[in-house]
1. Just to be sure, is Leu74 touching a Phe, Trp or Tyr at 6+ places or on another chain (Cβ under 8 Å) and more than 30 Å from Asp148 (Cα to Cα)?
2. Enumerate the pairs (first residue in the stretch 39-55 and of a type in the set (Lys, Arg); second residue anywhere and assigned to a helix (DSSP H, G or I)) with beta-carbon separation below 7 Å, excluding pairs fewer than 6 apart on the same chain, so at least 6 apart or on different chains.
3. Count, please, the residues in the stretch 81-100 that happen to be within 19 Å of Arg41 (Cα to Cα) and over 19 Å from the mean Cα position of the chain (by Cα).
4. Got at least one residue in the stretch 101-109 being within 18 Å of Glu42 (Cα to Cα), modelled with pLDDT of 95 or more, over 13 Å from the mean Cα position of the chain (by Cα) and surrounded by 11 or more Cβ atoms within 10 Å (Cβ to Cβ)?
5. Surrounded by fewer than 11 Cβ atoms within 10 Å (Cβ to Cβ), in a helix (DSSP H, G or I) and either touching a helix residue (DSSP H, G or I) at 6+ places or on another chain (Cβ under 9 Å) or in contact (Cβ under 8 Å) with a residue 12 or more places away in the chain (or both): is that true of Glu20 in this structure?
6. Name the one entry in Glu42, Glu6, Glu73, Glu92 that is acidic (Asp, Glu), in contact with a strand residue (DSSP E or B) (Cβ under 8 Å, 6 or more places away or on another chain) and over 30 Å from Val153 (Cα atoms).
7. Condition test on Arg83, is it more than 22 Å from Val31 (Cα to Cα), of a type outside the set (Asp, Glu), modelled with pLDDT under 95 and surrounded by fewer than 12 Cβ atoms within 10 Å (Cβ to Cβ)?
8. Quick test for you: out of Thr60, Thr47, pick the one residue that is hydroxyl-bearing (Ser, Thr, Tyr) and surrounded by 12 or more Cβ atoms within 10 Å (Cβ to Cβ).
Amino acid sequence: MAVTFEGPLADRGAWRLENENCSVARAIDVVGTRSTMLVLREALYGTTRFDDFVRRTHSTDAIVAARLKLLTELGVLVKEPYREPGVRTRFEYHLTDRGRDLLPVVFGLMQWGNTHLQPDDGPFRLSDRVTGEPVTITASTPSGKVVDLDDLVITANGDWADQPEGSAEH
């Protein structure tokens, strides 16, 4: 099955979502490259220094510099100066709240890859630090109820679906 559209969205032929208004398309435009996802992975793993991002992502200096610049401009990372004795000032990169909000995206991909692409469930597993219980990335309500795909509903946000078809909003 699939998610269900309700309300004015129930008639899928009556509306059209252009990519510039689609949150999925817009997010992919920002974080959809392999190198960006690997930089995000490393930031979530605690990597903060440029040379470590280069080494751990197996990317070039130019690619990592471009991704760090993009993610900093978008407010996903914040750039903070540091200086080791006898060396020029350099920068570390730390996740912002906006960056931490990408945790389910990155670890959801890891979980999917572990399940469907890796032998023996992949090299890493997520666990709760306190209980040791495995952690899974799922769709859930604020109360913690896990919601299956068949039980998900998409509704219009605000008056979006009330715009006439063909307008800039559709």
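The values are calculated or read from the model by the stated rules, or taken from the named source; none is laboratory data. A quick note: this is a predicted structure, and the numbers were derived from the prediction, not measured. Cβ placement follows ideal geometry from the backbone for every residue including glycine, while neighbour counts extend to all protein chains displayed.
1. no
2. Sorted first by the residue in the stretch 39-55, then by its partner, the pairs are Arg41/Val106.
3. So the answer is 2.
4. Checking the stretch 101-109: not a single residue is within 18 Å of Glu42 (Cα to Cα), modelled with pLDDT of 95 or more, over 13 Å from the mean Cα position of the chain (by Cα) and surrounded by 11 or more Cβ atoms within 10 Å (Cβ to Cβ).
5. Working: surrounded by fewer than 11 Cβ atoms within 10 Å (Cβ to Cβ): yes; in a helix (DSSP H, G or I): yes; either touching a helix residue (DSSP H, G or I) at 6+ places or on another chain (Cβ under 9 Å) or in contact (Cβ under 8 Å) with a residue 12 or more places away in the chain (or both): yes.
Yes, satisfied.
6. Step by step, each of Glu42, Glu6, Glu73, Glu92 is checked, and only Glu92 is acidic (Asp, Glu), in contact with a strand residue (DSSP E or B) (Cβ under 8 Å, 6 or more places away or on another chain) and over 30 Å from Val153 (Cα atoms).
7. Against the criterion (more than 22 Å from Val31 (Cα to Cα), of a type outside the set (Asp, Glu), modelled with pLDDT under 95 and surrounded by fewer than 12 Cβ atoms within 10 Å (Cβ to Cβ)), Arg83 qualifies.
8. None of the other options fit; the residue is Thr47.
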